[in-house]
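Here the structure comes first, spelled out in C-alpha cells, and everything after it is commentary.
The values are calculated or read from the model by the stated rules, or taken from the named source; none is laboratory data. This structure is a prediction, so every number in the text was calculated from the model and none was measured. We place every Cβ from the backbone using ideal geometry, glycine too, and count neighbours over all the protein chains shown.
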Amino acid sequence: MAFATMAGVAGVLEGLVLVPAHGGAGPVPPEVPVADLVVAGTYLIPFTDAVRARCHQAAGDTVGVDGFYELTRGIARWAQELSRDWMVLYVHREFWAGDGIHAAMAWHRGSVIFGPLFTRSHGETADPPYEAADTPDIAINAGLRALGIHTAGCPDEFAAIGLDKHRWTSEWAS
C-alpha cells in the first residue's frame, strides 16, 4: 500500500464498475452487493470481505496481479467472466486530502480492453509502475472514458458516474 497506515487514509474504494455493452447487458450478479451508479444501467460491485472470499475459491486465487496493490487473480478471473455480458472496470483508489493512488483495468468479451494503468497524484509517492497524473488522466477516469463514460458537465468521469458518492468501499455495500 502506498500509505504508511490506514489511519492516514481518508478513503479507499475498490470494486468492479459494470457498464452495459453496446446491445445491452446481462443480469447483475446475484448474492453480492451491487450499488446503482448515476449513469443509467451502470453498477458498482464493492469489494467487501464476502465478495473477496467469493473470488478466492481456487488455488492461486489470492495471488496478486502484477503492479496492483489489491487486485488478485481470483478477482481478475471473475471480472473476465462478467465481461461476457458487461464492460467491466476494476477500480482501486486510496486518497488523503486530494492526493492518492489509482489503479484500473477493464475487460470486455473476455479480453482486456483497457490498462492496466497505475497513477498517483503529484503530491503522492508510490513505487513504479505508478506514475504522476493530473485529475483528468488518473487511471479510473481514463478507464471510464475508455468504456464510454463522459464528464457530462461534472469535474471528471469519476464524479459523472457517481463514484464520488462515498469515500469507503464499505459505505457502498450498505
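Here are some notes:
- In the range 129-161, residue nearest to Ala103 (Cα to Cα) [restricted to those that are within 13 Å of the chain's Cα centre (by Cα) and among the β-branched types (Val, Ile, Thr)]: Ile140
- Criterion (touching a residue at least 40 places away in the same chain (Cβ under 8 Å), farther than 18 Å from Ile140 by Cβ and buried (at least 18 other Cβ atoms within 10 Å of the Cβ)) met by exactly one of Thr42, Thr48: Thr48
- Taking every residue in the range 15-29 that is without any contact (Cβ under 8 Å) to a residue 40 or more places away in the chain and pairing it with any residue that is assigned to a loop (DSSP other than H, G, I, E, B), at least 6 positions away or on another chain, the pairs with Cβ-Cβ distances below 7 Å are Val28/Val34.
- Where helices (runs of 4 or more DSSP H) sit wholly within the range 87-174, none has at least 2 residues that are modelled with pLDDT of 95 or more, farther than 20 Å from Phe68 by Cβ and of a type in the set (Lys, Arg).
- Scanning the range 69-81 for any residue that is of a type outside the set (A, V, I, L, M, F, W, C), farther than 28 Å from Glu31 by Cα and at pLDDT below 95 turns up nothing.
- Some residue of the range 69-77 being touching a residue at least 24 places away in the same chain (Cβ under 8 Å), surrounded by fewer than 22 Cβ atoms within 10 Å (Cβ to Cβ) and closer than 17 Å to Thr169 by Cα: yes
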